[in-house]
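The values are calculated or read from the model by the stated rules, or taken from the named source; none is laboratory data. These figures come from a predicted structure and were not determined experimentally. Cβ placement follows ideal geometry from the backbone for every residue including glycine, while neighbour counts extend to all protein chains displayed. Accessible surface areas use protein heavy atoms only, side chains included; no ligands, DNA or RNA. Shrake-Rupley method; radii C 1.70, N 1.55, O 1.52, S 1.80 Å.
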Amino acid sequence: MATTLTNELPAGAPVVRPDVTLTTLSEDVSSRVLMRSAPLWWWIGFGLSFALLMVLIVQMAVLFIVGIGVWGVEIPVAWGLAIAEYVWWIALASGGTIVSALFFLTRSPWRSATNRIAESMLLSAAPCAGLMPIMHLGRPGFFYWLFPYSTVMGVWPQMRSPLWWDFICLLCYILMSIMYYYAGILPDLATVRDLATTKPKKIFYGILALGWRGSVAEWQNQRIVYAIMSAIMAPMVISVHSVVGLDYAAGLTPGWHDTQFPPYFFFGAVTSGTAVIVMLTILVRWGYGLQSVLTEYHFNAMAKVMLVGSLMLAYAYVWEAFGPLYSSDVAERTEFLHRAFGFTAPLFWSEKILTVIVPQLLWLPVVRGNQVLLFLISGGIIVGMWQERVVFTTASLEHNYMPSYWGNYFPTLWDWATLAGTIGLFLTLFFLFLRFAPIISLAEVREIIEDEKAK
Amino acid sequence: MAVFGPRANLFMTAALVGVFCVCVFLVAAIWVVPLVDYNSQQQFTPEQPIPFSHKHHVSGLGLDCRYCHTTVEESSNAGMPSTAICMTCHSQIWTNAAMLEPDRKSLAENTPIRWTRVYTLPDYVYFDHSIHIAKGVGCTECHGPIGDMAMTWKANNLYMSWCLSCHRDPAPHLRPKDQVFNPHWRRTDSTPSGDALLVQYHIKTEALSDCGICHR
């Protein structure tokens, strides 16, 4: 262990430690689900998350009763923290799909043990993302007008608007993600059912397992369905996050009207999504004592993904500056100077440091092997990405074409309550996933164990 | 310990089919409920303080719409008749009729009669009677066979789709200026065509279905 902390992993480093066998893996992971009472750290974490969730409930009640004036959004800056955080949350969720679907297609072995954490994270983050635009509607009760039905009004949604594509994308994405999660967890639910000792748990997991018996035909069907769904999900998540980018790019506002936005958003999703998975994996690993299953191999691989993501982001940031400065458009240039040296400058520069410069430490094997540093760097990336979303959302509106239309954005207490509350919702959901579903994909890690034995 | 019996699969399948049916039913209900007259109150005849009959006054006696609805040509509101308008006749005839008691009471106490509204539009719709009259939309286009109603009932559902059905294609709903208040008007061969009337009234159809036409 000491050697792996200081040196690059050797070529034949085990994905899963050799002391893990098929039986110990199943029993170890299932026992976390089946134990009578959760460990103390789970209760503390869940309790704190639940308290934050209550902040969200209070915030939403105030917002719906008083109106969105409780937030700092005003003319000219009508898109504030809520919209920036929508992009931020959906980027975190997208990262989960990238890790679990894209790296399934590449047959990366490290993805097998982390994909359940990634997908649980994604299913916890997607509702937070979905809530933001609904809260941002002046009349949230009418959100169903987004559905393409016209029995009463005789009008259809504006199908040429990216905001509407966004709604359709997000809806399909969440539904697909739920089905993808379920298709993957089905054999594991059967394992938990088989190991359950009490009748209520046998019934609960028995129903969820849909009568899975582990016959060859069932396995074959499950693997085919899972592969097809992965092949759909991987491009889908790219298109979902690109459409989020088009929400901005289709606007004529300086700083938004930019063809690089779709890939730029996607780069952010890769980096911040992987970062949140790294943080959660470190916590789950220590909390549940899964050091043998989640090894240095996984962190090494995910750290490299983050590094690649931050390099792609750096490329996008170069173009973010080059475009306006090279162009002859005065509004574009003044907006960029405002973004980089004006009111939003502190956020702008700390964002660049946190998402591009600090992650360059990941070139060093020592850093990739040190979980404390990994945890801090990942946390920095997530905070940096939040800052990035806030900067490009508000700075462009603060510095629009007409100088008479310039003004700065100040979030209110309720804006911060929205952020804290959705973090509460995210963590509450994640803690529930942690408690009630196997957090490691047993079926796939068993394959890894067999592969390693064969080596 | 067998928890699930041999018929468990059957129950599971039935439950899944049931869930699917419930979902289909809910979607269908969302679609169908607005189309039911009960929801829009179409064809419904509310109680009124005095059982006023348009059939008797308009088709029988030949009163013009504007005799009672005095502001329909100048204002957004067609105007409900004041007690004094009723009394132009009813101070002379049927002066002791029991059903006119609220009318007399209203005059004596100087309080208006509270009619029950049949046609209600939400506040975010800026409907204006005068422009429709000025552009040749007859009363019966929206109020149905009002001249033949013994009690006033709601002839249309007032949904936005119904508004738009005319705003998107107004020509078939137009009539010559002198026929706007005729409750029994029918298009004949000698009537100018809808398109000719569009030109005559200077109606710009391309702007008629803009949001701001009704939601200002």
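List the residue pairs whose Cβ atoms are under 7 Å apart, where the first residue sits in segment A:393-405 and is farther than 13 Å from A:Ala331 by Cβ, the second is at pLDDT below 95 and open to solvent by 30 Å² or more (accessible area, probe 1.4 Å), and the two are 6 or more positions apart or on different chains.
Listed by first residue and then by second, the contacts come to A:Thr393/A:Trp79.
Please verify whether segment A:237-249 includes one or more residues that are open to solvent by less than 10 Å² (accessible area, probe 1.4 Å) and over 17 Å from the mean Cα position of the chain (by Cα).
The answer is yes, given that some residue of segment A:237-249 is open to solvent by less than 10 Å² (accessible area, probe 1.4 Å) and over 17 Å from the mean Cα position of the chain (by Cα).
Just give me the residues in segment A:165-188 being open to solvent by 40 Å² or more (accessible area, probe 1.4 Å) and either assigned to a loop (DSSP other than H, G, I, E, B) or among the aromatic types (Phe, Trp, Tyr) (or both), in sequence order.
Answer for segment A:165-188, where residues must be open to solvent by 40 Å² or more (accessible area, probe 1.4 Å) and either assigned to a loop (DSSP other than H, G, I, E, B) or among the aromatic types (Phe, Trp, Tyr) (or both): A:Trp165, A:Tyr182.
Tell me the helices (runs of 4 or more DSSP H) entirely within segment B:113-175 that contain at least 1 residues that are free of Cβ contacts under 8 Å to residues at least 40 places away in the same chain, open to solvent by 50 Å² or more (accessible area, probe 1.4 Å) and within 14 Å of another protein chain (Cβ to nearest Cβ).
Here the list reads B:160-167.
What tally of residues in segment A:132-163 results from selecting those that are open to solvent by less than 40 Å² (accessible area, probe 1.4 Å) and more than 13 Å from chain B (Cβ to nearest Cβ)?
7
Of (1) within 11 Å of chain B (Cβ to nearest Cβ); (2) farther than 30 Å from A:Ala113 by Cβ, A:Ala209 satisfies all except one. Which?
(2)
With the condition kept exactly as written, say whether any residue in segment A:234-255 is more than 30 Å from A:Trp156 (Cα to Cα), out of contact with any strand residue (DSSP E or B) (no Cβ under 7 Å at 6 or more places or on another chain), more than 14 Å from every other protein chain (Cβ to nearest Cβ) and part of a loop (DSSP other than H, G, I, E, B).
Yes - at least one qualifying residue is present in segment A:234-255.
Give segment B:188-206 a look and list any residue that's surrounded by fewer than 14 Cβ atoms within 10 Å (Cβ to Cβ) and either within 14 Å of chain A (Cβ to nearest Cβ) or within 23 Å of the chain's Cα centre (by Cα) (or both), or say none.
Passing the criteria: only B:Thr205.
Condition first: open to solvent by less than 60 Å² (accessible area, probe 1.4 Å), in a helix (DSSP H, G or I) and within 30 Å of A:Tyr86 (Cβ to Cβ). Can you find one or more residues in segment A:198-218 that meet it?
Among the residues of segment A:198-218, not one is open to solvent by less than 60 Å² (accessible area, probe 1.4 Å), in a helix (DSSP H, G or I) and within 30 Å of A:Tyr86 (Cβ to Cβ), which makes the answer no.
Name the residue that is surrounded by the fewest Cβ atoms within 10 Å (Cβ to Cβ), counting only residues in segment A:309-362 that are of a type in the set (Ser, Thr, Tyr) and touching a helix residue (DSSP H, G or I) at 6+ places or on another chain (Cβ under 8 Å).
Restricting to residues being of a type in the set (Ser, Thr, Tyr) and touching a helix residue (DSSP H, G or I) at 6+ places or on another chain (Cβ under 8 Å), the top hit is A:Ser327.
What is the residue count in segment B:55-70 for residues that are free of Cβ contacts under 8 Å to residues at least 12 places away in the same chain and either among the β-branched types (Val, Ile, Thr) or in a loop (DSSP other than H, G, I, E, B) (or both)?
Narrowing segment B:55-70 to residues free of Cβ contacts under 8 Å to residues at least 12 places away in the same chain: B:57, B:60-63.
Then keep just the ones that are either among the β-branched types (Val, Ile, Thr) or in a loop (DSSP other than H, G, I, E, B) (or both); that gives B:61-63.
Going through segment B:55-70 one residue at a time, the tally reaches 3.
So which residues in segment A:34-90 are outside any helix (DSSP H, G or I), open to solvent by 10 Å² or more (accessible area, probe 1.4 Å), under 30 Å from A:Ser242 (Cα atoms) and of a type in the set (A, V, I, L, M, F, W, C)?
Matches in segment A:34-90: A:Val73, A:Ile75, A:Ala78, A:Trp79.
Check B:Thr95, B:Thr88 and return the single one that is open to solvent by 50 Å² or more (accessible area, probe 1.4 Å), free of Cβ contacts under 8 Å to residues at least 40 places away in the same chain and over 18 Å from B:His69 (Cβ atoms).
Values: B:Thr88 fails: over 18 Å from B:His69 (Cβ atoms).
Only one candidate qualifies: B:Thr95.
Table: residues versus (1) within 21 Å of A:Ser272 (Cα to Cα); (2) modelled with pLDDT of 90 or more; (3) touching a Phe, Trp or Tyr at 6+ places or on another chain (Cβ under 6 Å).
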{"position": "A:Arg107", "(1), (2), (3)": "no, no, no"}
{"position": "A:Met132", "(1), (2), (3)": "yes, yes, yes"}
{"position": "A:Gly141", "(1), (2), (3)": "no, no, no"}
{"position": "A:Leu163", "(1), (2), (3)": "no, no, no"}
{"position": "A:Tyr182", "(1), (2), (3)": "no, yes, no"}
